[in-house]
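Below is one structure, written out as structure tokens, with a few remarks after it.
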2 protein chains.
Amino acid sequence: MTKQTAYQLNPSIIAQQYIDTVNRQTTSIAKPINVVGLIASQDKPSFAYARATQKKFEANGIHYELRNVERLALENQILSLNSNSDVHGIFIYFPVFNNQQDDYLRNLVDFSKDIEAGSNYWTRKLYANDRLALTSDPTKKALLPCTPLAIVKMLSEIDIYNKNIQRPIEGKIVTIFNRSEVIGRPLAMMMSNDGGIVYSFDENGPLKFENAQPAEVDISRAEALSQSSIIITGVPNNNFKKVSALEIQPDTICINFSSNNNFAADISAHTHFYIPRIGPMTVAMCMRNTLRLFNIFHQAA
Amino acid sequence: MTKQTAYQLNPSIIAQQYIDTVNRQTTSIAKPINVVGLIASQDKPSFAYARATQKKFEANGIHYELRNVERLALENQILSLNSNSDVHGIFIYFPVFNNQQDDYLRNLVDFSKDIEAGSNYWTRKLYANDRLALTSDPTKKALLPCTPLAIVKMLSEIDIYNKNIQRPIEGKIVTIFNRSEVIGRPLAMMMSNDGGIVYSFDENGPLKFENAQPAEVDISRAEALSQSSIIITGVPNNNFKKVSALEIQPDTICINFSSNNNFAADISAHTHFYIPRIGPMTVAMCMRNTLRLFNIFHQAA
């Protein structure tokens, strides 16, 4: 195994490999695959991102309708799409209300159309180590949430993830800043399942995950960072103290998935393995999930 | 209809009427009704509250086991209680993690044992105006979440809630500070279903609910408060500016359900209808829900 270069870790390039696979598979499907993206924001960068997602899907054999809706219309839109058998996937651009209601909406999406795999149906399977999409059919694999999956797939391109062993990061220390239900907690579970010792921080303090089991732990940010081989950040808060080169080991792998970068500017000079955004990989995983959902739930219908 | 006095609005006294009804019904049920309460806190006041809840249930024919568990053990405890057919109700003392994971846990409780009716199964029914517990059986009524129900039942003791008409607060203006998925949003839906024009505030701004439909609105706190006949607060944040007598009409009905009172001290002199806590009513509604769930889902088993 040769060491990857920073160039090869460009998320767009890695993502393209997965998108090419999706493309090959969609061309062999006769029926159109229809996804609807719902955006309730008037924010220009959000729109640009949504348009880019749409183009990527469309260019690879998945019809993607982008609908701009009032935020208060989202609930009825989701219910209507859930019951429309011509729609096979639903994507919602969050945050919308920026509170618990966003979680309510996320969970309102029927699991068979939840291409982000962010609803409780899928996260429960992950936490329960249930690998099947439907308990009744052992041939159909469960979905994994897009962003955690994107991060793990990115990491598996680096030789720290030893693909030749069953637990590819056995004994490696990982620090994750974010323990949301959609990204941070599932990611900690997945990486500890891969053998990592994961320190998971949020504003309420740290937890330690080993073998997909969380435990209480008394460790400071400084201790966790100084021991880690992999550091992953996703704190959309400008008050977060950016992780600086002084806090980490040389050649630590640093991945940021927050819209505001949680790493200080000195990080890029300190390590080759610095990935400041994973957006393109998340889109690719979302396309992969779309295809998987279609094959499991919608192909025969 | 005679005007109630502040004394008669003591939530413990109103609650007792509902508890007496529960008591009469449980004595006619041969099979024991079993509820398990899970508390993951070591906090003394929380424990005292949990013990008081337990005593109230036990004294009225519902067996209530209180378990003190590690917070990280809660998930497995809930799953185990869900699958235990001898357990008919589950109550969790929140907050536990104080983040999205609490919502995850709340939704992990099987809806047939969710005596608080705080999980998505029940709130979805409320938002969809679906009054049935099971779509397949028109004789079984859906549950309503405990705290919103407690508040509406308290209000219906006051003559502002005109029980003689179908929409008992037709045209009345209501302000609610809290739009959580568990209390504030369902409460706004319920009160607007009862004819109220509800201004619902949270940290992201106001919404207006009429006929169970939310709409965008541009109204200040001062305007909403000065127009309201009923003001309900539930902001567990010390930075919230307490509602003072200067901001409200005389004889406004004021109800606080937050652990830290959101009304200033001058309120009690300003109106007879000041209810600084509704805890005992919430417990009574929870007992009522327990009995309803037992009758719908567990009696025959």
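The values are calculated or read from the model by the stated rules, or taken from the named source; none is laboratory data. Because the structure is a prediction, the values reported are computed rather than measured. Heads up, the Cβs are rebuilt from the backbone with ideal geometry, glycines too, and the neighbour counts pull from every protein chain shown.
The table below gives the values:
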| read-out | value |
| --- | --- |
| Test: residue in the range B:147-159 that is charged (D, E, K, R), assigned by TED's automatic domain parsing to the domain that holds B:I230 and buried (at least 21 other Cβ atoms within 10 Å of the Cβ) | yes |
| Test result for B:P95, more than 13 Å from every other protein chain (Cβ to nearest Cβ) and not aromatic (F, W, Y) | no |
| Residues that are closer than 29 Å to A:V69 by Cβ and among the aromatic types (F, W, Y), drawn from the range B:204-254 | B:F209 |
| Residues of the range B:21-48 classified as of a type outside the set (S, T, Y), part of a helix (DSSP H, G or I) and over 19 Å from the mean Cα position of the chain (by Cα), total | 7 |
| Residue in the range B:189-210 that is in contact with a Ser or Thr (Cβ under 6 Å, 6 or more places away or on another chain), surrounded by fewer than 20 Cβ atoms within 10 Å (Cβ to Cβ), under 30 Å from A:N76 (Cα atoms) and within 14 Å of chain A (Cβ to nearest Cβ) present | yes |
| Test: residue in the range B:136-147 that is closer than 21 Å to B:N237 by Cβ, under 12 Å from the mean Cα position of the chain (by Cα) and more than 14 Å from chain A (Cβ to nearest Cβ) | yes |
| Restricting the range A:172-181 to residues that are within 14 Å of another protein chain (Cβ to nearest Cβ) and farther than 13 Å from A:S258 by Cβ, the residue that is modelled with the lowest pLDDT | A:E181 |
| Test: residue in the range A:274-285 that is out of contact with any strand residue (DSSP E or B) (no Cβ under 8 Å at 6 or more places or on another chain), of a type outside the set (G, A, S) and exposed (fewer than 15 other Cβ atoms within 10 Å of the Cβ) | no |
| Residue check, B:I248 β-branched (V, I, T) and farther than 15 Å from B:D202 by Cβ | yes |
| Members of the range A:127-166 found to be in contact (Cβ under 8 Å) with a residue 24 or more places away in the chain, part of a loop (DSSP other than H, G, I, E, B) and of a type in the set (G, A, S), listed by number | A:A133 |
| Options B:N84, B:N34: the member that is modelled with pLDDT of 95 or more, over 30 Å from A:E203 (Cα atoms) and buried (at least 16 other Cβ atoms within 10 Å of the Cβ) | B:N34 |
| Residue satisfying all of: in the range A:116-136; out of contact with any helix residue (DSSP H, G or I) (no Cβ under 8 Å at 6 or more places or on another chain) and over 19 Å from A:M191 (Cα atoms); surrounded by the fewest Cβ atoms within 10 Å (Cβ to Cβ) among these | A:S136 |
| Scope the range A:216-251; condition within 19 Å of A:I169 (Cα to Cα) and within 14 Å of chain B (Cβ to nearest Cβ); matching residues | none |
| Selection from the range A:94-126 of residues that are part of a helix (DSSP H, G or I), closer than 20 Å to B:N99 by Cβ and outside the structural domain of A:H63 (by TED's automatic domain parsing) | A:N120, A:W122, A:T123, A:R124, A:L126 |
| Criterion violated by A:V235 - all others in (1) at positive phi; (2) touching an Asp or Glu at 6+ places or on another chain (Cβ under 9 Å) satisfied | (1) |
| Selection from the range B:49-68 of residues that are hydroxyl-bearing (S, T, Y) and either in a helix (DSSP H, G or I) or under 19 Å from B:R277 (Cβ atoms) (or both) | B:Y49, B:T53 |
| Where B:I169 falls short, out of the listed (1) within 14 Å of chain A (Cβ to nearest Cβ); (2) surrounded by 22 or more Cβ atoms within 10 Å (Cβ to Cβ); (3) part of a loop (DSSP other than H, G, I, E, B) | (1) |
| Failed item in (1) touching a helix residue (DSSP H, G or I) at 6+ places or on another chain (Cβ under 8 Å); (2) within 14 Å of chain A (Cβ to nearest Cβ); (3) touching a residue at least 24 places away in the same chain (Cβ under 8 Å); (4) not acidic (D, E), with B:L38 passing the rest | (2) |
| Residue match in the range B:54-68 (condition: within 14 Å of chain A (Cβ to nearest Cβ), β-branched (V, I, T) and surrounded by 15 or more Cβ atoms within 10 Å (Cβ to Cβ)) | no |
| Residue, farthest from the other protein chains (Cβ to nearest Cβ), within the range A:74-92, restricted to residues that are of a type outside the set (S, T, Y) and without any contact (Cβ under 8 Å) to a residue 12 or more places away in the chain | A:N84 |
| Options B:F177, B:F201: the member that is among the aromatic types (F, W, Y), touching a residue at least 60 places away in the same chain (Cβ under 8 Å) and under 28 Å from B:N120 (Cα atoms) | B:F177 |
| Residues of the range B:116-133 that turn out to be among the basic types (K, R) and within 12 Å of chain A (Cβ to nearest Cβ), as a count | 1 |
| Residues of the range B:98-115 classified as within 13 Å of chain A (Cβ to nearest Cβ) and either among the β-branched types (V, I, T) or surrounded by fewer than 16 Cβ atoms within 10 Å (Cβ to Cβ) (or both), total | 2 |
| Check on B:I219, of a type in the set (A, V, I, L, M, F, W, C), out of contact with any His (no Cβ under 8 Å at 6 or more places or on another chain), at pLDDT 95 or above and more than 22 Å from B:K56 (Cβ to Cβ) | yes |
